Amino acid sequence: MRTLFRRRSALDLGPVSKAISYVLLVAWAFVVLFPLYWLAITSLKQPIDVDSGPVYLPGVDFKPTLDAWKYILVDLQSDTVRPYVNTVVVGLSSALIALILGSSAAYALVRFRYSPRVGVIGLFVGCILFTIVALALSAAVPLAVVSAAAVFLILYQTVGRRFKRVLGNSDVAFWLISQRMLPPVAVVIPIYVLFQRVGLLDTRQALIITYVATNLPIVVWLMRDYFSNVPIELEESAAVDGASPYRIFRSIVLPVAVPGLVATFLFVLVFAWNEYLLALFLSSANAQTMPLTVAAQNATRGPQWWYMSVLILIMILPVIAMAVALERYISRGILVGAVKG
């Protein structure tokens, strides 16, 4: 009897323990995958099949049909294709730009030492406020930006060098992640006014810029932890051979950090793909994304679950496909730093 529970090695389980593990894994997989199965079969039902009660097996409990798919993809093609293309373009573009900028900033925070002066940062923030006030007073955008930059340079040369208190890399990193702690509803009105003044409302550019700004702290925080686990000896060896910091980052660090880059990219992509509040304020018809389309479908026609299931499926299937295709990178990327000796 003991042999049924005895472990043959440190990495192996006994027969009974292994059977229990498989039963638990199968049960958990059922819990995770059943909602997707329910979406799939609901998209194949007639309205009467949905309203009459729960039925589970296509061809047995009900007759499957593609009427909901035809209605969404053919009859409502103009109302579905454009939001879907907007979602793909905005999601991929913002995630890629945030990954490039955030990875560079994260590597700089790990490998280089920064000591910005608190007073200089205060002067910079004051000049930004000066620009906002100038724009509020109907000043031209180029004139306001140039004036603020000139004021900052003058104050930096005269007053800024007298400030002694400095911040460290950890302070910079904490400030970055603190921007993500701010709820979007607190800044959505200023963002709306900003893009209204510059004429970018209801454009993909506005959504991309906003999503990059909101997701950049996440990229910096995740990749900062990943880069800190990359052996610095690799970079020191390349530096001895005469490689520049940019060459080291491009040719050595980035290939080693591919798992972390992929995992972070998918995290940020999901955030941009499903974002609703900012898209609601910054877009209407031309730049509308799929979350708004799903909400509009639900609001105008009520909870017609056979149509909603089709919209939700075409939203989540590309992300699921990417996650499955890149699974080996994701598992390695999210585990780095979990165990440190």
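The values are calculated or read from the model by the stated rules, or taken from the named source; none is laboratory data. The shown structure was predicted, so the numbers you read here are calculated from the model rather than taken from an experiment. FYI the Cβ positions are ideal-geometry reconstructions off the backbone, even for glycines, and counts take in every protein chain you see.
Could you grab me the full set of residues in the stretch 56-101 that are hydrophobic (A, V, I, L, M, F, W, C) and within 21 Å of LEU282 (Cβ to Cβ)?
Correct list: VAL81, VAL85, VAL88, VAL89, VAL90, LEU92, ALA95, LEU96, ILE97, ALA98, LEU101.
Run SER237 past the list (1) at pLDDT below 85; (2) under 30 Å from LEU109 (Cα atoms); (3) hydroxyl-bearing (Ser, Thr, Tyr) and report the number of the one that doesn't hold.
Only one criterion in (1) at pLDDT below 85; (2) under 30 Å from LEU109 (Cα atoms); (3) hydroxyl-bearing (Ser, Thr, Tyr) is unmet by SER237, namely (1).
Which condition from (1) modelled with pLDDT under 85; (2) of a type outside the set (A, V, I, L, M, F, W, C); (3) assigned by TED's automatic domain parsing to the domain that holds SER228 is the one that GLN157 breaks?
(3)
Being within 30 Å of THR203 (Cα to Cα) and of a type outside the set (S, T, N, Q) is true for just one of LEU92, LEU44. Which residue is that?
It is LEU92.
Which of (1) within 27 Å of LEU266 (Cα to Cα); (2) touching a residue at least 12 places away in the same chain (Cβ under 8 Å); (3) of a type outside the set (Gly, Ala, Ser) is the odd one out, the single condition PRO231 does not satisfy?
Exception for PRO231: condition (2).
Is there a residue being without any contact (Cβ under 8 Å) to a residue 24 or more places away in the chain, assigned by TED's automatic domain parsing to the domain that holds ASN298 and not aromatic (Phe, Trp, Tyr) anywhere in the stretch 79-90?
Yes; the residues of the stretch 79-90 include at least one that is without any contact (Cβ under 8 Å) to a residue 24 or more places away in the chain, assigned by TED's automatic domain parsing to the domain that holds ASN298 and not aromatic (Phe, Trp, Tyr).
Every residue, every condition in (1) touching a helix residue (DSSP H, G or I) at 6+ places or on another chain (Cβ under 6 Å); (2) within 27 Å of SER78 (Cβ to Cβ); (3) of a type in the set (D, E, K, R); (4) touching a residue at least 24 places away in the same chain (Cβ under 8 Å), yes or no:
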residue	(1), (2), (3), (4)
GLY242	no, no, no, no
ARG247	no, no, yes, no
ILE252	yes, no, no, no
PRO255	no, no, no, no
THR264	yes, no, no, yes
LEU269	yes, yes, no, yes
ALA272	yes, yes, no, yes
LEU277	yes, yes, no, yes
ALA285	no, yes, no, yes
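If you go through the stretch 88-102 one residue at a time, do you hit one that is outside any helix (DSSP H, G or I) and either surrounded by 14 or more Cβ atoms within 10 Å (Cβ to Cβ) or out of contact with any Leu (no Cβ under 6 Å at 6 or more places or on another chain) (or both)?
No; the residues of the stretch 88-102 include none that is outside any helix (DSSP H, G or I) and either surrounded by 14 or more Cβ atoms within 10 Å (Cβ to Cβ) or out of contact with any Leu (no Cβ under 6 Å at 6 or more places or on another chain) (or both).
With (1) modelled with pLDDT of 85 or more; (2) farther than 30 Å from LEU311 by Cα as the list, and TYR84 as the residue in question, which single condition is left unmet?
The failed condition is (2).
Need a quick list: helices (runs of 4 or more DSSP H) entirely within the stretch 13-74 having at least 3 residues that are loosely packed, with under 15 Cβ neighbours inside 10 Å.
15-42, 47-51
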